[in-house]
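Beneath this line is the structure, given in structure tokens, with notes to follow.
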Amino acid sequence: QVQLVESGGGLVQPGGSLRLSCAASGSIFSIGAMYWYRQVPGKQRELVAAITSGGSTNYANSVKGRFTISRDNAKNTVYLQMNSLKPEDTAVYYCNADVVITMPRMLNNYWGQGTQVTVSS
């Protein structure tokens, strides 16, 4: 029905930057809030950043001032600009979205497959 596909992960040195993208496709009527989560082995998945359909944002304290979430509603895409990266930012990053599908008209929540971000020298 709906697919979320992340891209942009990789290996970066401490202090560097990466930009993640997540494009939604499929039977989409509208998209509400969109989110970025991250998870490291042995730990719970944590919310990194969120953005509403109107553009209001919220961030985890650990990334405030370093990460910026944005979205392009025309492209059904959410971004995460990550600056001043630290080794503790190393994780698999997942996109998540609240999507109203076309038929039947209902709200579902979807996850992407994840993209690895590794911060290391």
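The values are calculated or read from the model by the stated rules, or taken from the named source; none is laboratory data. Just so it is clear, the model here is predicted, and its values are computed rather than measured. Note that each Cβ is placed from the backbone with ideal geometry, even for glycine, and that neighbours are counted across all protein chains shown. Accessible surface areas use protein heavy atoms only, side chains included; no ligands, DNA or RNA. Shrake-Rupley method; radii C 1.70, N 1.55, O 1.52, S 1.80 Å.
Things worth noting here:
- Failed item in (1) at pLDDT below 95; (2) closer than 23 Å to SER120 by Cβ, with LEU85 passing the rest: (1)
- Qualifying residue in region 3-14 (condition: among the aliphatic types (A, V, I, L, M), open to solvent by 30 Å² or more (accessible area, probe 1.4 Å), in a strand (DSSP E or B) and more than 16 Å from VAL119 (Cβ to Cβ)): yes
- Some residue of region 69-81 being closer than 16 Å to SER25 by Cα, open to solvent by less than 70 Å² (accessible area, probe 1.4 Å) and aliphatic (A, V, I, L, M): yes
- For VAL119, the requirement of being touching a residue at least 40 places away in the same chain (Cβ under 8 Å), out of contact with any Phe, Trp or Tyr (no Cβ under 6 Å at 6 or more places or on another chain) and open to solvent by less than 20 Å² (accessible area, probe 1.4 Å) is met.
- Pairs are defined by a Cβ separation below 8 Å, a sequence spacing of at least 6 or placement on different chains, a first member in region 64-79 that is in a helix (DSSP H, G or I), and a second member that is open to solvent by less than 40 Å² (accessible area, probe 1.4 Å); the pairs so defined are ASN73/ILE31.
- Candidates SER25, SER53 - the one that is in a strand (DSSP E or B) and open to solvent by 50 Å² or more (accessible area, probe 1.4 Å): SER25
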